[in-house]
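Participant: One structure follows; several queries about it will come next.
The values are calculated or read from the model by the stated rules, or taken from the named source; none is laboratory data. Computed from a predicted model, the values in this text were never measured in an experiment. When we count neighbours, we look across all protein chains shown, and the Cβ atoms used for this are built from the backbone with ideal geometry, even at glycine.
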C-alpha cells in the first residue's frame, strides 16, 4: 500500500524517519492513527484536540470522558502538565522510565481544567518510533488500546488493518516481535504509590527502594 491509497498503512521498519514525519503531521492536523508501542498497539491523537479525542471515543464505542494513557518524551515536558509531590517522586520516575510502566499523576491547575480530571496516567515508552515521534511533538500523545469497547485489544497488524483501516487515518505497523502485554500501572497521585495493574514490568523492588 502507498500513501495515496484509502486506509493508509505504513511499515515503520521500512523508513522510520518518514513514518515519524507522517505521524507528526497527522497529530497536528487532528487526525487519528494506530501505532506500535513498547506494550500493545495504541490508537493515537493529540489529547489537547477535543475533536480528535471524541473521534477516538466514537471509534472505540466507549463512554465519553474515559481516561487515556498519555505518552510523553521527557520528565521536563511532563512537568508542564502535572504537579509533583516531592523530589522522591521525580527520582522514582527517573528510575523507571523509559519503560512499559504508566504512572497516574496529579494534573496541574491548567491541564486539570482542560482535561476535566484531577489526574492522568503518563508514560515515557521504551520504543524507538514512539520516542522519536514524541521528541518531534514535545507534547503528550494518546495511547489507548486498539479495540472496540469491551473487546480484547488487537495486536496483530493484519487484524488491526482488517478491522480499523476504515476508521483511522493511518496505521503504522512493524514486523518486529511485539510482546502484547499491557503496561504496569501505578497510582502516584497520592502520598504513597499503589499498583493498579501488573503488566509487562515488575516494579515492586523499585517502589520499595524509593518509598520505604
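Participant: Just to be sure, is residue 163 out of contact with any helix residue (DSSP H, G or I) (no Cβ under 9 Å at 6 or more places or on another chain) and surrounded by 13 or more Cβ atoms within 10 Å (Cβ to Cβ)?
Facilitator: Numbers: out of contact with any helix residue (DSSP H, G or I) (no Cβ under 9 Å at 6 or more places or on another chain): yes; surrounded by 13 or more Cβ atoms within 10 Å (Cβ to Cβ): yes.
Considered against the rule, which asks whether it is out of contact with any helix residue (DSSP H, G or I) (no Cβ under 9 Å at 6 or more places or on another chain) and surrounded by 13 or more Cβ atoms within 10 Å (Cβ to Cβ), residue 163 comes out as yes.
Participant: Check off (1) crowded, with 20+ Cβ neighbours inside 10 Å; (2) at pLDDT 95 or above for residue 30 and give me the number that stays unchecked.
Facilitator: (1)
Participant: Can I ask one more? If you take the residues in the stretch 139-153 that are touching a residue at least 12 places away in the same chain (Cβ under 8 Å) and assigned to a loop (DSSP other than H, G, I, E, B), which one is surrounded by the fewest Cβ atoms within 10 Å (Cβ to Cβ)?
Facilitator: So, considering only residues that are touching a residue at least 12 places away in the same chain (Cβ under 8 Å) and assigned to a loop (DSSP other than H, G, I, E, B), the one surrounded by the fewest Cβ atoms within 10 Å (Cβ to Cβ) is 149.
Participant: Residue 115 fails exactly one of the following numbered conditions: (1) at negative phi; (2) free of Cβ contacts under 8 Å to residues at least 60 places away in the same chain. What is the number of that condition?
Facilitator: It is condition (2) that residue 115 fails.
Participant: Can you confirm whether residue 161 is within 14 Å of residue 102 (Cβ to Cβ), touching a strand residue (DSSP E or B) at 6+ places or on another chain (Cβ under 8 Å) and not in a loop (DSSP other than H, G, I, E, B)?
Facilitator: No, not satisfied.
Participant: Let me ask something else about it. Return only the number of the condition from (1) touching a strand residue (DSSP E or B) at 6+ places or on another chain (Cβ under 6 Å); (2) modelled with pLDDT of 95 or more; (3) under 18 Å from residue 77 (Cβ atoms) that residue 98 does not satisfy.
Facilitator: Failing condition for residue 98: (1).
Participant: Continuing with this model, one more query. Give the residues of the stretch 73-87 that are within 21 Å of residue 206 (Cα to Cα) and surrounded by 12 or more Cβ atoms within 10 Å (Cβ to Cβ), sorted by residue number.
Facilitator: 74, 75, 78, 84, 85
Participant: Then there is this: Kindly evaluate residue 172 against the criterion of being farther than 18 Å from residue 66 by Cβ, touching a helix residue (DSSP H, G or I) at 6+ places or on another chain (Cβ under 6 Å) and either at pLDDT 95 or above or not in a strand (DSSP E or B) (or both). Walk me through it before giving the result.
Facilitator: Working: farther than 18 Å from residue 66 by Cβ: yes; touching a helix residue (DSSP H, G or I) at 6+ places or on another chain (Cβ under 6 Å): yes; either at pLDDT 95 or above or not in a strand (DSSP E or B) (or both): yes.
Yes; evaluated as a whole, the condition is true for this residue.
Participant: Something else about it: Within the stretch 42-51, track down each residue that is surrounded by 20 or more Cβ atoms within 10 Å (Cβ to Cβ) and either modelled with pLDDT under 95 or out of contact with any helix residue (DSSP H, G or I) (no Cβ under 6 Å at 6 or more places or on another chain) (or both). I'd like the intermediate steps shown before the answer.
Facilitator: If we filter the stretch 42-51 for residues that are surrounded by 20 or more Cβ atoms within 10 Å (Cβ to Cβ), which is where we start, we get 42-47.
Answer for the stretch 42-51, where residues must be surrounded by 20 or more Cβ atoms within 10 Å (Cβ to Cβ) and either modelled with pLDDT under 95 or out of contact with any helix residue (DSSP H, G or I) (no Cβ under 6 Å at 6 or more places or on another chain) (or both): 42, 44, 47.
Participant: Pick out the one residue from 133, 196 that is assigned to a strand (DSSP E or B) and at negative phi.
Facilitator: None of the other options fit; the residue is 196.
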